[in-house]
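The values are calculated or read from the model by the stated rules, or taken from the named source; none is laboratory data. These numbers were taken from a predicted model, which means no experiment stands behind them. No Cβ is skipped: glycine too gets one built from the backbone with ideal geometry, and neighbour counts run over all protein chains shown.
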Amino acid sequence: MKRKLARRIAMHGLALVATVLLGGLLAAVLVRLAPGFDVDEQQLDSHLNAESIAALRAVRMQQNDVFSFYIHSLQRALHGDLGTSLSLGQPVSALLRQRAPLTLRLIGVGLLLSWSMALALALSAAWMRASAYDALTATISGMFLCFPAAVLALLSVLWNIPGSIVIALIVFPQIYRYARNLLAKAYVLPHIVTARAKGLSQLRIMTWHVVPVVAPALLAVAGVSVSMAVGAAIPVEALCGLAGVGQLAWQAALARDLPLLMNVTILVTAATLLANSGADVLSHALRGSHT
Amino acid sequence: MAANWLAPAGYARQYREEANAAPSHAHWLGTDEDGRDRFARVLYGTRISLLLAPAAALLSTLMAALVGGVSGYLGGAWARVAMAVTDLFLSLPWLFLLITVRALMPLNVSPLFSVMVTFLMLGLLGWTSAARVLCASAGSLRDSDFIRQARASGIRGARLFWMHVMPNLKPVLYAQFWISVPVFILSEANLGILGLGVAEPMPSWGSLLRELEGLISVGEEPWKFVPLILLVLVVSSFEMLLSSEKRMAA
């Protein structure tokens, strides 16, 4: 069991490293091939003489080979240098350090709220087993699924709703839907039907029989919910004026600041993969302990 | 579909002296800050979103059939590699992926090109979750009795896939197509509001919803909510259709 778990952790670790390396290569290729890479705004500066422009062109020419560009970027990244933002003129690592705490807080609180809301609704619907209440909770969550995340962010500005609540409103319907399906399937399992027939209390059935069955699957969803919350952070931060990593990515996209955008995307990918891997390992460990 | 007939003046015509006008007999939903008729823009925008989201869904479903269906049918290393790539895409936050890819392309492009880029991008990037489902379905078909029997009769390779596996994947393909349409409508709306979707003056639900950004209160100019109401109605109709299909299948 322990060996299996260790193997799983090692596989996830390898996948993470491979993804970051391959993602970095892909990013380097895309940045290099993107239209406008060869053009430097500085070359149009009338104050520069022919020698200076030739020097600028020489620097650009050094980046022409994708692989040497990638290796060079990788070497710098290993030393903590993620390059400089073209639009903001600041080191990418410094920008990320400034903005990450706000995004982490926003996503953390948002996830906590979304899970609380989703579980409260799903568990209460499963507990009450009343079709009207079930339909009501499904309608509430379904309603939020039909709104674009950016519209919820815009409306939150109108009503002064904190960003973390908006993230919670964007993420909770997805978790609710999954949790509700899992609970519905769990309640028709033979041993739970037997427990109900024997007259066990609802609370006892829920805590002793239902939760152990659905917990590993819910844990696996926890990893996916991190991805959802990170995605939701872009419109929320961009439209609510919150200076986090999501807003940074949006600004980089609008300014076509590709080095900044690529670094942010690779880091976000690594973070979400780490969350997914962690959730997967925990979920398997939990499944193993029950079998 | 009848936008040309209902609003013959088009979506780009400007009534400069009537900018930001309230609804009137001439302009049923008023005009925007550039003096363009909002009703005409809603009609044309609805047409673009309702035609191109299913087109993008069709493209993504075909890609999912190709990647997921074929790799599931082949099984072994093919399926493992395809699913590793799929898992990687699935773990990426969808909106992050979209804005990154969108930023790689020039932003200052013609409106028609921006429409094509936006919906092609949705179609080319949105195949992953459908591919996962199709890979699993094709994998289970590969080991089914009738496929074994076909193999024993000498039917192999592409012929077996097209004649026996693909027809049985059709229900899954239809379901994945209908699931993708509302997802793409919402994604286009998000991109449009963030300024990375369809370029002006071409309207789409996303670009029309950008008008909500300047609102001070909901009751101030309620007619600006018409595109949102239409979008929510369409997406909720798709959601209801999918849930009723699911209930019927169960």
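Annotations for the structure displayed:
- For region A:25-79, the set of residues classified as exposed (fewer than 10 other Cβ atoms within 10 Å of the Cβ) and at pLDDT 75 or above consists of A:Asn49, A:Ala50, A:Glu51, A:Leu78, A:His79, listed by residue number.
- For B:Gly214: the one exception among (1) small (Gly, Ala, Ser); (2) closer than 19 Å to B:Tyr73 by Cβ; (3) at pLDDT below 90: (2)
Per-residue answers, yes or no, for (1) closer than 17 Å to A:Ala120 by Cβ; (2) touching a Pro at 6+ places or on another chain (Cβ under 9 Å); (3) at the interface with chain B (Cβ under 10 Å from one of its Cβ atoms):
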site: A:Ile140; (1), (2), (3): yes, yes, no
site: A:Leu145; (1), (2), (3): no, yes, yes
site: A:Ala149; (1), (2), (3): no, yes, yes
site: A:Leu154; (1), (2), (3): no, yes, yes
site: A:Leu158; (1), (2), (3): no, no, yes
site: A:Pro162; (1), (2), (3): no, no, no
site: A:Val171; (1), (2), (3): yes, no, no
site: A:Ile175; (1), (2), (3): yes, no, no
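- Within region A:112-138, the residues that satisfy the criterion of being under 26 Å from the mean Cα position of the chain (by Cα) and more than 14 Å from chain B (Cβ to nearest Cβ) are A:Leu112, A:Leu113, A:Ser114, A:Trp115, A:Ser116, A:Met117, A:Ala118, A:Leu119, A:Ala120, A:Leu121, A:Ala122, A:Leu123.
- Selection of region B:78-123 for residues being closer than 16 Å to B:Ala64 by Cβ, among the hydrophobic types (A, V, I, L, M, F, W, C) and away from every other protein chain (no Cβ under 14 Å) yields B:Trp78, B:Ala79, B:Ala82, B:Leu120.
- Conditions (1) out of contact with any Cys (no Cβ under 8 Å at 6 or more places or on another chain); (2) buried (at least 16 other Cβ atoms within 10 Å of the Cβ); (3) modelled with pLDDT of 90 or more: number failed by A:Leu189: (2)
- 1 or more residues over 30 Å from A:Leu219 (Cβ atoms), of a type outside the set (D, E, K, R) and in contact (Cβ under 8 Å) with a residue 24 or more places away in the chain: qualifying helices (runs of 4 or more DSSP H) within region A:54-162: A:66-78, A:92-128, A:149-158
- Test for B:Arg151: is it farther than 28 Å from B:Gly206 by Cβ, free of Cβ contacts under 8 Å to residues at least 60 places away in the same chain and of a type in the set (Lys, Arg): yes
- Qualifying residue in region B:129-136 (condition: surrounded by 15 or more Cβ atoms within 10 Å (Cβ to Cβ) and either within 14 Å of chain A (Cβ to nearest Cβ) or not in a helix (DSSP H, G or I) (or both)): yes
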